[in-house]
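Okay, so here's the structure we're looking at.
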Amino acid sequence: MATNAKAVLFLALCGIVYVSAYQEVLKATISDCKGGKEVSQEELDEFIKPLIPQTREEKCLMACVFTAYNVIVEGHFDPKLAYGVAKNILHENPEKLKHIKETLDYCGHEIPTKMDDECELASEVMACRNKYNKDHGYDQDP
């Protein structure tokens with residue numbers, strides 16, 4: 001997939017971009033991660049909520065999607081790469097881009113940069129994002 005499509009999916013995963021065209025890209029990627037199983041709109045809606053994955057299946061699904069879009073590469077999470085993805089997509093939305101930057105700055109020291117278990121790493125990314133939002137008074141991403 002093209003880099004821009006990868007960036008779009010990452011932003012959708014973080015609850016930043018809720019546009020139906022992006023949801024279709026996300027839906028296709030989730031389907032791929034589920035071995036081609038069809039993904040309902042209800043499942044998609046649940047996936048993009050700003051929740052921390054709880055079960056092993058949820059964590060690994062999140063990791064699969066992050067990996068598909070090179071947000072996690074061979075067990076590594078790079079906040080600079082994540083910001084680069086956001087910058088490509090949100091260059092016309094400085095408020096959301098600022099929120100992403102602040103979140104990544106806040107989380108950069110809390111999220112391990114490398115974990116052997118990519119499922120747990122994906123869960124750590126989501127947990128820190130939600131912690132940032134909670135600590136700064138956001139019910140969800142602006």
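What the table shows:
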{"item": "Single unsatisfied condition, LYS98 versus (1) surrounded by 16 or more Cβ atoms within 10 Å (Cβ to Cβ); (2) not in a loop (DSSP other than H, G, I, E, B)", "result": "(1)"}
{"item": "Conditions (1) touching a Pro at 6+ places or on another chain (Cβ under 8 Å); (2) under 17 Å from SER123 (Cβ atoms): number failed by HIS99", "result": "(2)"}
{"item": "Candidate set from segment 1-48 (those that are among the polar types (S, T, N, Q) and at pLDDT below 85); member that is nearest to the chain's Cα centre (by Cα)", "result": "GLN23"}
{"item": "Filtered residue count, segment 63-83, keeping only those that are loosely packed, with under 14 Cβ neighbours inside 10 Å and either outside any strand (DSSP E or B) or among the hydroxyl-bearing types (Ser, Thr, Tyr) (or both)", "result": "2"}
{"item": "The listed residue being modelled with pLDDT under 80, under 20 Å from ASN133 (Cα atoms), among the aliphatic types (A, V, I, L, M) and surrounded by fewer than 17 Cβ atoms within 10 Å (Cβ to Cβ), out of LEU51, LEU90", "result": "LEU51"}
{"item": "Looking only at segment 67-76, and only at residues there that are within 11 Å of the chain's Cα centre (by Cα) and at pLDDT 85 or above, the one that is farthest from LYS114 (Cα to Cα)", "result": "THR67"}
{"item": "In segment 31-46, residue surrounded by the most Cβ atoms within 10 Å (Cβ to Cβ) [restricted to those that are in contact with a helix residue (DSSP H, G or I) (Cβ under 6 Å, 6 or more places away or on another chain) and either closer than 18 Å to SER123 by Cβ or β-branched (Val, Ile, Thr) (or both)]", "result": "CYS33"}
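The values are calculated or read from the model by the stated rules, or taken from the named source; none is laboratory data. Everything numeric in this text was worked out from a predicted model, so none of it was measured. We place every Cβ from the backbone using ideal geometry, glycine too, and count neighbours over all the protein chains shown.
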